[in-house]
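Here is the structure we will look at.
We did not get these values from a lab; they are worked out from the coordinates using the rules stated. Remember, predicted model here, so these are calculated numbers, not experimental data. In this analysis, Cβ positions are derived from the backbone assuming ideal geometry, glycine residues included, and neighbour counts consider all displayed protein chains.
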Amino acid sequence: MLKIKNLSVQIKDKIVLKGLDLDIKPGEIHALMGSNGAGKSTLVKALSGHYDCKVTDGEMIYKDKNLQELSVSDRANEGIFMSFQNPTEIPGVNNMYFLKTALNEKRAYHKLGEINIAEFLKFVKGKAKEFNVGDKMLKRNVNEGFSGGEKKKNELLQMLVLEPDLLLLDEIDSGLDVDAIKAIANGVNSLLDGKRSVLMITHYDRLLELIKPDFVHVLHDGKIVKSGDYSLALEIDEKGFEGLGINHDIS
Amino acid sequence: MTLANYDFSQSVKDQDAYKKLKEIGFPTRKTEEFREFDIDNILSNVYKLNCDKKIEVAEYIKDKNFYTLFIANGMIDFVHSDLPQCISFKTKHKNTLESSNSLYHLSEAFIEHDNILFINDNLDKPLKIVNMYDARESFLPTCLHIKLKEGCKAEVIDLFECICLDDSFVNINRVFYAEENSMLNYVKLQNLDLKSILICNYIPKISKNATFNSISIDLGARTSLNITSVLLDEIYSSFSSDGIIRLDEHQRAGNIASMEHKAEHTNSNITCKHILDDSSRALFEVKSIVKHDAKFSKTFQNSQTILLKDGARINANPKLILDTDELEASHGATTGSLNEDELYYLMSRGIDEKKSTRILINAIELQVIDKIENELVRELALKFIEG
């Protein structure tokens, strides 16, 4: 599904990713761990086409398409969904309107007709109820005045509505209590049908217990320096990165 | 005729206004406020005075939620209008007001009588004035006074639509009288032909404890200006004006306003949001004067501008002239581009850049639309900005 080869990414004057390789096949769940500043968020931002990220070398091939040739919106409509670490507040834009527009844009991209409003409301409200996302959230403006937990739930709701093929989860568990993490994990797991893939960034084992990864990678100084299975995450939890011989000092 | 070299003695109908026009003189390209507005060209273009071309007003589909007054090519059409009993119309002997705005006197000079619309009771439905135009190379001066009886409340919408206004100059005078304890809520919706010029000269006369609220939305016309002169000389009188100016290509639009506080506890507040694309230009030239006797007054000015392209430009000059210490006053102007994070967030959910930009602009405009108290008027304004 996704093949990243020798990827180098620069943000402003700093080279953050320095020749990163990663291969994600359909249905696989990958976890990306690493100390602060290692380049984890930069990787998912680069995949979704963030304006700050300048790819200086390498390539990102997704479903046989070169991502650099696709706009941010085309990447999304091709099935890439990045869940933001700090979702942006957009005053004046109603959440329900935003969700409906996003869904219809995706449908138009795939040459499908617009979903009718009644069908849409039934679909969204059903998802919101199933995963305990408050109805009121739908009537408010996108993330405006939302608590940290509400913002993450809103990201989940968008994910459930847009049904992406590749889920990029950037610390979707940060700032959440135990019950909220469970709710988010349930939502993500409900999407996993053996074809969809996940690349998730987390600092904590808690999320990995609920969304079991097939592969765990450690990112350090812009490169993947260690890969393994779920037991690697447990080892990191026990010994820390230094215990695995990964120095915290980042050049 | 050209206005700059016109021999007014031929057809002037109000000598008093003509005299004041001569005294003040036309603005020129050296007049600071008009620097971006190519006023010399506007005044030296060749126009026909008025236009008697008939407009099929009957074909206009009236909305039963509104009372409707048609003004076709500047002429009031009572036959097709639909007004309640509490609204009456009278023509009265001319009483040209004091104003330093020569463009106000320009229209007055061509008008024989004052056309006054009296609103004598609370309106159960908003009044929609539909200004329709079908004219070429014409100068169309029109004047209308709207007088709201004391203690009453009314919503008035001025809708500017045109079939064709090629190279025409529409110069409108609107004089409002909000009598004691009344509230007049006025909304201007303008989306005229890109070959037209529209100048609206506003004079609100606000009595004791009365309020005049205005919201103007300017999307069309090659050049559009709102020139407002307010004198707050009665206690607890209040004036507010909010605006949206959304322009592209080579459009020009702006607000020139002067608010003078002469009585205690008077309020004025003027804000405008400018969304400027391509090589468009906007102006926010606003002056508040608070005289020594106008203690405990409040005056606020704010211009907010989003520049979508490097070629777009705003000239914002909010000015405060304060002769008393006992007041609240603020003025400000911000200029920037659309928030990149918001744009990226929308696009990351599959909404293309053009549509995402449109959504964010609508969100900014909604902040103004939300200030419209009346639900029907709010819906009308919303449909208007959504095109």
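Could you give the spread of the C-alpha atoms of region B:340-387 along their three principal axes, from largest to smallest, in whole angstroms?
The Cα atoms of region B:340-387 stretch 36, 18, 12 Å along their principal axes.
Please state the relative contact order of chain A as a whole percent: Cα pairs under 8 Å, 6+ residues apart?
28
At a threshold of 8 angstrom on Cα-Cα distance, excluding pairs fewer than six apart, so keeping six or more, what relative contact order does region B:102-233 reach in percent?
Relative contact order comes out at 23 percent.
Need the full-extension length gain, B:Asn181 to B:Gln85, defined as separation in residues times 0.36 nm minus the C-alpha distance. One decimal, nm.
So the extension gain works out to 32.4 nm.
Please find, in a Gaussian network model of chain A (springs between Cα atoms separated by less than 10 Å), the residue of A:Gly92, A:Gly19, A:Gly145 whose mean-square fluctuation is greatest.
A:Gly92
Once R0 is set to 56 Å, what does the formula 1/(1 + (r/R0)^6) return for the Cβ-Cβ distance between A:Asp21 and B:Lys371, expressed as a FRET efficiency to the nearest 0.05?
It comes to 0.55.
If neighbour count is taken as other Cβ atoms inside 10 Å, put B:Ser196, A:Ser71, A:Ser41 in order from fewest to most.
Listing B:Ser196, A:Ser71, A:Ser41 from fewest to most nearby Cβ atoms yields A:Ser71, A:Ser41, B:Ser196.
Please arrange B:Thr335, B:Thr68 by how many other C-beta atoms lie within 10 Å of their C-beta, fewest to most.
Fewest to most other Cβ atoms nearby, the residues stand as B:Thr335, B:Thr68.
How far apart, in nm, are the 7 Å Cα→Cβ label points at A:Glu144 and B:Asp121?
3.9
Give me the one-decimal Kirkwood hydrodynamic radius in Å for region B:204-273, with the sum taken over alpha-carbon pairs.
That comes to 12.9 Å for region B:204-273.
For the protein assembly as shown, what is the convex hull (Cα atoms) projected area averaged across all directions, in square nanometres?
For the Cα atoms of the protein assembly as shown, the hull's average projected area reads 33.3 nm².
Report the FRET efficiency, 1/(1 + (r/R0)^6), for A:Thr56 and B:Asp166, where r is their Cβ-Cβ distance and R0 is 56 Å, rounded to 0.05.
About 0.55, to the nearest 0.05.
Mind listing the phi-derived Karplus ³J(HN,Hα) values for region B:181-186, rounded to whole Hz, using 6.51, -1.76 and 1.60 with θ = phi - 60°, and x for any glycine or proline?
Result, ordered by residue: 6, 9, 9, 10, 9, 10 Hz.
Please check: in the Gaussian network model of chain B (C-alpha springs, under 10 Å), which one of B:Phe37, B:Phe78, B:Phe284 has the largest mean-square fluctuation.
B:Phe78
What dipole magnitude, in Debye to the nearest 20, does chain B give about its Cα centre under +1 on Lys/Arg Cβ and -1 on Asp/Glu Cβ?
In total the dipole reaches around 420 debye.
Would you please name the GluC sites (Glu not before Pro) within region B:1-59 that are DSSP coil residues with at most 13 other C-beta atoms within 10 Å of their C-beta?
Hits after loop and neighbour filter: B:Glu56.
Using a basic spin-label model with each label point 7 Å from the Cα along Cα→Cβ, how many nm lie between A:His110 and B:Lys195?
Once both label points are built, they end up 4.8 nm from each other.
Take the Cα gyration tensor of region B:228-387, multiply each eigenvalue by 5, square-root it, and list the three semi-axes largest first, rounded to whole angstrom.
33, 17, 13
Test of understanding: ordering B:Phe89, B:Phe160 by Cβ neighbours within 10 Å, fewest first, what list do you get?
Ordered by Cβ neighbours within 10 Å, fewest first: B:Phe89, B:Phe160.
Modelling each spin label as a point 7 Å along the Cα-to-Cβ direction, I'd like the B:Met75/B:Glu249 distance in nm, to one decimal.
3.0
Counting other Cβ atoms within 10 Å of each Cβ, which GluC sites (Glu not before Pro) in region B:325-387 have at most 15 and sit in a DSSP loop?
When the GluC sites (Glu not before Pro) of region B:325-387 are filtered for loop state and at most 15 Cβ neighbours within 10 Å, B:Glu326, B:Glu373 remain.
Test of understanding: in a Gaussian network model of chain B with alpha carbons linked when under 10 Å, which of B:Asn362, B:Asn302, B:Asn315 would top the mean-square fluctuation ranking?
The residue with the greatest mean-square fluctuation here is B:Asn362.
Go through B:Lys19/B:Lys53; B:Lys54/B:Lys149; A:Lys136/A:Lys212; A:Lys136/A:Lys182; B:Lys262/B:Lys319 and tell me which ones have a Cα-Cα distance over 28 Å in this structure.
Distance filter (> 28 Å) returns B:Lys19/B:Lys53; B:Lys54/B:Lys149; A:Lys136/A:Lys212.
Roughly how far apart, in whole Å, are the Cα centres of region A:19-48 and region B:121-153?
Region A:19-48 and region B:121-153 have Cα centres spaced 63 Å from each other.
When only Cα pairs under 8 Å and 6 or more residues apart are kept, what is the percent relative contact order across region B:9-339?
Normalised by residue count, the contact order of region B:9-339 is 11 percent.
Find, among the chymotrypsin sites (Phe, Trp or Tyr not before Pro) in region A:206-245, those assigned to loop by DSSP (not H, G, I, E, B) with at most 13 other beta-carbon atoms within 10 angstrom.
Counting only loop positions with at most 13 other Cβ atoms within 10 Å, none of the chymotrypsin sites (Phe, Trp or Tyr not before Pro) in region A:206-245 qualifies.
Considering the Cα trace of chain B, what is its radius of gyration and what is Dmax, both in angstroms?
According to the Cα coordinates of chain B, Rg and Dmax are 20.4, 65 Å.
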